[in-house]
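If you scroll down you'll find the structure; I have some questions about it.
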Amino acid sequence: MLGLLMGGASAGAGTQTELSALKAQMSSLEADIVAAQDEAEVSAADLASATASNDAMLKERDSAAARVAELEAAATAAQMELDARAATIADLQGKVAAQSVTPPAAEAEAPRSSTSVSYKNCTAAREAGAAPVRRGDPGYGSHLDRDGDGIGCE
């Protein structure tokens, strides 16, 4: 019986050691759980910060996209205005080119009347429809050209 008691006592000492080891393991696991919870809280805070930053960047992107759309619309309107003006200019250039304009040099070389005409003063020249009278024109006289530039009754 003594052996049985001895065996029982020795079994009790093994159980105590095993129990101590399990308690130590349990304490270690509890410490690991606390550390994991701390890491989870930090990760949650980082996630919240990243989400807020992402939201701000999305709003900024949407604002920039709206501004780009506004600028594109303004550029399209400006281009249409420029195209319309270019068409108007081309039309006016065509009209000018189509007009028959007598150059001033051709007017100066027009045949002059050999009839001798004389005007007493500018009023008489105007009444006759001759004013202004140019040097070489019938009816020109130096008394009609005050400034001596070759054009009387200006």
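Could you work out how far apart the two model spin labels at Ala78 and Ile151 are, taking each label as a point 7 Å from the Cα in the direction of the beta carbon, and quote it in nm?
4.3
³J(HN,Hα) across region 127-142 via Karplus (A = 6.51, B = -1.76, C = 1.60, θ = phi - 60°), whole Hz, x for Gly/Pro?
Once rounded to whole Hz, the list reads 4, 7, x, 9, 6, x, 9, 9, 3, x, 6, x, x, 5, x, 4.
Per residue of region 62-74, in order, report the coupling 6.51 cos²θ - 1.76 cosθ + 1.60 (Karplus, θ = phi - 60°) as ³J(HN,Hα) in whole Hz, putting x for Gly and Pro.
So the Karplus estimates, Gly and Pro as x, are 5, 5, 5, 5, 5, 5, 4, 4, 4, 5, 5, 5, 5 Hz.
So between Ala44 and Ala64, what do we pick up on full extension, going 0.36 nm a residue minus the alpha carbon distance? The partial results should precede the final answer.
Numbers: separation 20, 0.36 × 20 = 7.20 nm, distance 3.01 nm.
Gain in length upon complete extension: 4.2 nm.
Hey, can you grab everything whose amide H is under 5 Å from the amide H of Gly152? Only 5+ residues off in sequence or another chain; H modelled, so Pro and N-termini drop out.
Under 5 Å from the amide H of Gly152: Val133, Arg134, Arg135.
Size of region 12-97 along its principal axes in angstrom, Cα-based, largest extent first?
For region 12-97, the Cα spread along each principal axis is 123, 16, 8 Å.
Given H placed 1.01 Å from N in the peptide plane, which residues other than close sequence neighbours of Gly139 have an amide H under 5 Å from its amide H?
So Gly139 has HN proximity to Val117.
Readers should treat all values here as calculations from the given coordinates under stated rules, not as data from a laboratory. A quick note: this is a predicted structure, and the numbers were derived from the prediction, not measured. Positions of Cβ are backbone-derived with ideal geometry, glycine not excepted, and every protein chain shown enters the neighbour counts.
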